[in-house]
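The values are calculated or read from the model by the stated rules, or taken from the named source; none is laboratory data. Note that the coordinates shown come from a computational prediction; the quantities given were computed from them, not determined experimentally. Cβ: placed from backbone, ideal geometry, glycine included. Neighbour counts: every protein chain shown.
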Amino acid sequence: MTFDDFNFDASLVEGLYSMGYKTPTPIQAQAIPVILENKDLIACAQTGTGKTAAYLLPIIDHIVRAPNRHLNALIIAPTRELVLQIDQQIDGMGYFCSVGSIAIYGGNDGMTWEKQKHALREGVDIICATPGRLIALLQNGDINFEHLQHLVLDEADRMLDMGFFDDITTIINYLPKERQTIMFSATMPSKIRLLANKITKNPEQINIAISKPAAGIVQQAYVVHDSQKEGILRMILKNEDYQSVIIFCSTKDNVKLLEKNLRREEKSIKAFHSDLEQAEREEIMRDFKGKKLRILIGTDILSRGIDVDGISLVINYDAPPDPEDYIHRIGRTARASKAGVAITFINLRDQMKFSRIEDLMGYEVIKMPIPEELGQGPVYDPEANKKEGFKRGPTKGKSNYKGKRKSRP
């Protein structure tokens, strides 16, 4: 299958091929025909599967073919970073067919606020927005959704995790009842199904999320005490083959502290967190995408909030809270069929967490030996270490864990 099989408008196809698109991904092949038929859709697909293009392409095609142009589509996403990325993709795909969009998000100055309102008054085809700022504009009467035809909720599960259920319900009340509703979610818990039943009509369902890491990711783990993490991290970062690195921490405070400690040796490093001004965050992301910045440290906002090719190493400085978050984090590397490395530090209290991740994947992640100069680490025995600190043992020069499942080849 190629993109020609969808019978898109010629100008859209020209834009696609100019951007390097060749053949549809599985989610694109399944979702695009459904959206072209104006059916509601609930799609379970992880970041990195091509889901953004899966809904943008048929929506842009609808806009190009429409006899009259109005505000046609609303895309709601959980974070500023994702909203900006979607907006950038629309710019690229819509360049040859003159489809325009505006990104609406909070955390900026009054000048940006006025610019957003001006763009809405002048007319735009697609709005990409975070829920909070969008509601503010709606309450001020700055947006008219009278002719809206498409509503997209991207990363719906993440929005509900962030407490946006009521906000989404409020926004829905401003929209026409006759519209196409499209939901994309990496997971499909009961609260997502509750929302879907509330806002969709006889939706088609597609499930591409297989909760498995990409084949090109080399996964490793160190079983450590917290005091050993930074020493191992410094050792890893000395490998200059890792030219683009993301480090995930569990909290914003950990992000700031780790940047401060590493900056003495690593000059090309930045922390990415919500205390930064929006302009600072955008500059950091531009530098990271442009390879001017080698190392980026952040929380899980980065696991779904950025789309950067060529990341060679992902480090989970703190183990992720659940298996799906692990898949999303390490999915930042080995994108577009490339190779990459993902390394996780597992302390005593995170052993059960990581065991659940291995259960989900169906294999054990290789445990690496801790350098002798950093001392002994704990044994990897999740059942025995349910309560932090139950069991310790030597890890000098060898992998030290009690395996129960087959290791990945």
note = Within segment 155-187, residues in contact with a Leu (Cβ under 9 Å, 6 or more places away or on another chain), within 21 Å of residue 204 (Cβ to Cβ) and in a loop (DSSP other than H, G, I, E, B) come out as 155, 175, 176, 179
query = In segment 112-139, what residues are in contact with a Lys or Arg (Cβ under 8 Å, 6 or more places away or on another chain) and either loosely packed, with under 13 Cβ neighbours inside 10 Å or aliphatic (A, V, I, L, M) (or both)?
reply = 123, 137
inquiry  = Please go through (1) surrounded by 15 or more Cβ atoms within 10 Å (Cβ to Cβ); (2) in contact with a His (Cβ under 9 Å, 6 or more places away or on another chain) for residue 147 and return the number of the only condition it doesn't satisfy.
reply    = (1)
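Listed here are the residues, each with its yes/no results for (1) over 23 Å from residue 198 (Cβ atoms); (2) within 25 Å of the chain's Cα centre (by Cα); (3) surrounded by fewer than 22 Cβ atoms within 10 Å (Cβ to Cβ).
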| residue | (1), (2), (3) |
| --- | --- |
| 3 | yes, yes, yes |
| 6 | yes, no, yes |
| 27 | yes, yes, no |
| 78 | no, yes, no |
| 92 | yes, yes, yes |
note = Within segment 263-282, residues loosely packed, with under 15 Cβ neighbours inside 10 Å and closer than 19 Å to residue 299 by Cβ come out as 263, 274, 275, 277, 280
ask   = Within segment 160-178, is even one residue aromatic (Phe, Trp, Tyr) and within 30 Å of residue 3 (Cβ to Cβ)?
value = no
query = Does segment 160-177 include one or more residues that are more than 25 Å from residue 120 (Cα to Cα) and touching a strand residue (DSSP E or B) at 6+ places or on another chain (Cβ under 6 Å)?
reply = no
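If only one of 240, 266, 259 is modelled with pLDDT under 90, over 12 Å from residue 316 (Cα atoms), charged (D, E, K, R) and touching a strand residue (DSSP E or B) at 6+ places or on another chain (Cβ under 8 Å), which one is it?
Answer to the check: 266.
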task = Could you tell me which residue of segment 46-76 is surrounded by the fewest Cβ atoms within 10 Å (Cβ to Cβ), considering only residues that are more than 24 Å from residue 286 (Cα to Cα), β-branched (Val, Ile, Thr) and touching a strand residue (DSSP E or B) at 6+ places or on another chain (Cβ under 9 Å)?
result = 63
ask   = How about segment 91-112: which of its residues are outside any loop (DSSP other than H, G, I, E, B), in contact with a helix residue (DSSP H, G or I) (Cβ under 9 Å, 6 or more places away or on another chain) and at pLDDT below 90?
value = 92, 93, 94, 95, 96, 97, 112
